[in-house]
Every structure is written in structure tokens, then in C-alpha cells.
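The values are calculated or read from the model by the stated rules, or taken from the named source; none is laboratory data. No experiment lies behind these values; they were computed from the predicted model shown. When we count neighbours, we look across all protein chains shown, and the Cβ atoms used for this are built from the backbone with ideal geometry, even at glycine.
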Amino acid sequence: MTIDKLEKAIKEFNDASFFECHDTLEEMWNEERNPEIKKFYHGLIHIAVGFYHLTNLNFRGATSQLKKAIFKLNNYPETYMNIKLSELLSEVKLWLEKIENPPLEKNENFNFENLPKIKLADENENWQI
């Protein structure tokens, strides 16, 4: 079921298992037929891949992927499928700013303990579109 996979992808993302999250989301993206949801999953894939690149100090790849994510997800509502999307995008934009305006030693100012987390609007609520 897609909801189980989405929960798995969120857990992987929040555990900073970005490569695994990408795989889970890509599987969902390939199976999805609704264009709006498919685009949403694709945006989340870009975020996961962007942070995968960042944690491997590939700043160019991170920048490219995070920009693609923002472009794809910017017009979705603040909360989508019970995910606090506007909060996630705000954090993505802050990280993009850090990447694009680094200190002299790029990896010196990146505290990977403070990576964004995907948060749910209501932990007890059913998944909604």
C-alpha cells in the first residue's frame, strides 16, 4: 500500500537515509497514476537526492536537486498528504542558501545533525490529499 511506503520514506528521510528514501519514493512515483501526486513524489525525490548529495559534499548536485524540488513543490498547499510541506520547503530553502553562500571551507559550516525532517500536520489524522 502507498501509505505504508510513504510512512517508510518519511522514516528513511528523517533518519538521514536519503538514498533509501529516494528508492522508496521512486518506487511510489513509478506506480502512481495521478499526475498531481506523481509530481509531489517527484519533488520529494529531488529533496532526498539533494540531501544525499549534500551529505556526500557534492554541493553542485545538492544545489541542482534542491532547486528542482522547490520548483516542483512551490505551488502545493502548506499541508499535502498530511505532510507539513511549507515547513519542509522553508528548511530546504535555508539549506540551499547555506550551500550557495558557504564559508571559505564549505564543509566547516554544515552541521548535518540539523538536517530537515519531514513533519506530519497531525500524527493521529488519516493521510489526506
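Miscellaneous remarks
- Restricting attention to the range 46-58 and to residues that are surrounded by 17 or more Cβ atoms within 10 Å (Cβ to Cβ) and in contact (Cβ under 8 Å) with a residue 24 or more places away in the chain, the residue that is nearest to Phe13 (Cα to Cα) turns out to be Ala48.
- Condition met for Asn82 (of a type outside the set (Phe, Trp, Tyr), more than 14 Å from the chain's Cα centre (by Cα) and surrounded by 15 or more Cβ atoms within 10 Å (Cβ to Cβ)): yes
- Checking each residue in the range 95-111 for being exposed (fewer than 12 other Cβ atoms within 10 Å of the Cβ) and either under 17 Å from Tyr41 (Cα atoms) or modelled with pLDDT of 85 or more (or both) picks out Glu97, Asn101.
- Enumeration of residues in the range 50-78 that are more than 16 Å from Glu97 (Cβ to Cβ), part of a loop (DSSP other than H, G, I, E, B) and not hydrophobic (A, V, I, L, M, F, W, C): Asn56, Asn58, Asn75, Tyr76, Pro77, Glu78
- Filtered residues of the range 5-23 (kept if in contact (Cβ under 8 Å) with a residue 60 or more places away in the chain, surrounded by fewer than 20 Cβ atoms within 10 Å (Cβ to Cβ) and under 15 Å from His53 (Cα atoms)): Ala16
- Residue within the range 31-38 that is touching a Lys or Arg at 6+ places or on another chain (Cβ under 8 Å) and either without any contact (Cβ under 8 Å) to a residue 60 or more places away in the chain or exposed (fewer than 15 other Cβ atoms within 10 Å of the Cβ) (or both) present: yes
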